[in-house]
Structure formats: C-alpha cells, structure tokens
Amino acid sequence: MLTPHCTNDACQPDADAPYQNAGAIPDFLDEVINDALAGDHFRMVYQPQFSMTSGKLMGFEALIRCQSPKFGVISPAEFIPHAEENGSIVEIGNWTFQQALSDLAQMRNKGMDCYMSVNLSPAQFGEGDVFERIMLMLVELDLPASVLKLELTETALIRNAKMAMRTFQAFQREGAQIWLDDFGTGFASLNLLREFNIDGLKIDRGFIEGLHRSDDDFTLCSAIIAMAQRLGLFIVAEGIENEEQMAILGQLGCDSAQGFLLGRPVSLDETLQTFASNLATGSTGRY
C-alpha cells in the first residue's frame, strides 16, 4: 500500500496496531523509515475482497504496516506522505511489490485462486522502469500478470499522465488490470475515466458509510455503479461495515466487496490459516 488511503480500511486502527506516540513520530520519520528498510520493520497485511453475487473470495488488497522498535506500530498515514516527499517511497514500493507478490505465490501454491491488488505510487512512474521491475518479479515467481491489479489514485495519473498511459498499456498487454482508487473523492475522476483505459474502480468508503442512512449517498453510489457498468468497469466497494450496506450494494450491482464486515487486514499466516479452516469445513467464510 503506497498511498495513505486515510479514508478506507488501510488506515483504520487494527487490533494489532495501536499507533503509539503519534505526537512524537513526525520529528523522527526519516529515522523510522531508514530503520524500517534496513531492519525489516515493514510488514504486509492483506484484506480480502469477495464476489457480491457468489460470496466467493476473489482476491486481496495488499497493505503495508510499519513496526518501529522505538515508536511501535505507525500508521501509513504518518510515514507514506513523508516517504513521498523524501524519495524513499520508491524503495518502499519495490519492497511492497516483492513481498506482496511473493505472498500471493504462496497463497496460490496452497490452492487459493485469487488476485492481489497493490497500490502504485506516483514516484514509481518517475523511475521509468516500474513495468520491467514488476514483470521480472512476476516471472521469477511464476505468476501470470492477470493476477495483478494495480491501484492508482488520481494524483498518480495527473502527475505523470504520459508516463502513466504508456505504463498502463504495457501492463494491460500482459494481462494486468488498472484500477482507479478512492473514486469520487477528487475533481478529475470522470475525465480520467475518459482519457485512460481504466479496467476498474474502487468506490471510496466515504460514500459507503452513509449508504443505508442517506438518500444522497444512495443516489451517488447508484450513479457511480450504473456509470461503471455502462463503461464495462469492474467495481469494488470498500469500507463495508454492516449487512445493510452489503445488501444495498449487492442490489445495485456492485461486483466486489471489501471491509471490516468481511475481513480485517491480516498477515499471510492468518490468511492461510483461515483458508485452510474454510476448506476443511466447506465454507467460503469471512476473513
């Protein structure tokens, strides 16, 4: 996870993530990031996405966490923006893709038929070789490109529009998909859908949380889903926290669901344990 995503589950406090000493952290973020890269203090967690129609597990979103020996667990809302500013986001991004794809290979080797969605930072486009780097990882892990969903925010597209378009086309020729994240939170979303060959979009949790209480949120979600369907886009609703939201989104025709109702972000080991338990009981289960 390479952008802070403070409006979705990626930045929601987990049971294992009591963000400590929040007031002191900003003064030491360089130290925290450097130590994390050198000392293996980053870790990945994975939040499941399920089919709205069948209930079947479809894939996971990869989310990064930082466990600092000095400050405890630090929110990506703290260290990701700083990493974007000082340039360390590129190294963090490379580590994230390597770890997430390696873990995906383990999942698939255990029989999990799933994809992995990973956020791509604007800074990675600037390096010019992000396509080659990620494709090499896929080849080394014997993974088809079709199991990779690249999530980008409007910022990533706007900052490096020409480079983004060339990179998109290269990935899509290999079978990977491009998803627009946090859809509806910026000013350029509709224009980006027209200019870029986007494969899917994720409806921001800000529209989901009031879906069952607000006519306005219901109307907006209905319009987003109807538009995406007409454009042939895959639709993921993130931040689902109750059964009412789930039922409404299913009725509206959303393709995939993600949120605390269905599963919190957990480690690879916990993910594999849940899969094995569900397999033994014959349940699709929730994570």
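Results, tabulated for the structure shown:
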{"read-out": "Centre separation in Å (Cα based) which lies between region 125-186 and region 195-236", "value": "21 Å"}
{"read-out": "Cross-link reach list, lysines versus Lys162, counting only Cα pairs under 29 Å and skipping chain neighbours closer than eight places", "value": "Lys149, Lys202"}
{"read-out": "Heavy atoms of Ser277 accessible to a 1.4 Å probe, total area in Å² rounded to 10", "value": "60 Å²"}
{"read-out": "Accessible area in the full protein assembly, largest first, 1.4 Å probe, for Leu220, Leu252", "value": "Leu220, Leu252"}
{"read-out": "Three-way shape call for region 24-142 based on the alpha-carbon gyration tensor, with the a/c threshold at 1.5", "value": "prolate"}
{"read-out": "Karplus-derived 3J(HN,Hα), 6.51/-1.76/1.60, for each residue of region 58-70, Hz, glycine and proline x", "value": "10, x, 9, 9, 8, 10, 9, 10, 10, 10, 7, x, 8"}
{"read-out": "Counted charge near Met246, where neighbours are those whose Cβ lies closer than 14 Å (Asp, Glu -1; Lys, Arg +1)", "value": "-4"}
{"read-out": "Fraction of beta bridges assigned by DSSP in the chain that are antiparallel (%, nearest 5)", "value": "45 percent"}
{"read-out": "Isotropic mean projected area of the C-alpha convex hull, the chain (nm²)", "value": "14.6 nm²"}
{"read-out": "Most mobile listed residue (Met52, Met165, Met116) in the chain, GNM with C-alpha springs under 10 Å", "value": "Met165"}
{"read-out": "Local electrostatic count at Leu211 - Lys and Arg +1, Asp and Glu -1, tallied over other residues with Cβ under 11 Å", "value": "-4"}
{"read-out": "Under Karplus coefficients 6.51, -1.76 and 1.60, residue-wise ³J(HN,Hα) of region 121-138 in Hz, glycine/proline x", "value": "7, x, 5, 5, 4, x, 6, x, 10, 4, 4, 4, 4, 6, 5, 5, 4, 4"}
{"read-out": "Calculated FRET value between Glu241 and Asn86, using beta carbons and R₀ = 30 Å, to 0.05", "value": "0.30"}
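The values are calculated or read from the model by the stated rules, or taken from the named source; none is laboratory data. None of these values were measured; they are calculated from a predicted model. Counting neighbours? That spans all protein chains shown, and the Cβs are built from the backbone with ideal geometry, glycine included. Surface accessibility is based on the protein's heavy atoms, side chains included, excluding ligands, DNA and RNA. Shrake-Rupley method; radii C 1.70, N 1.55, O 1.52, S 1.80 Å.
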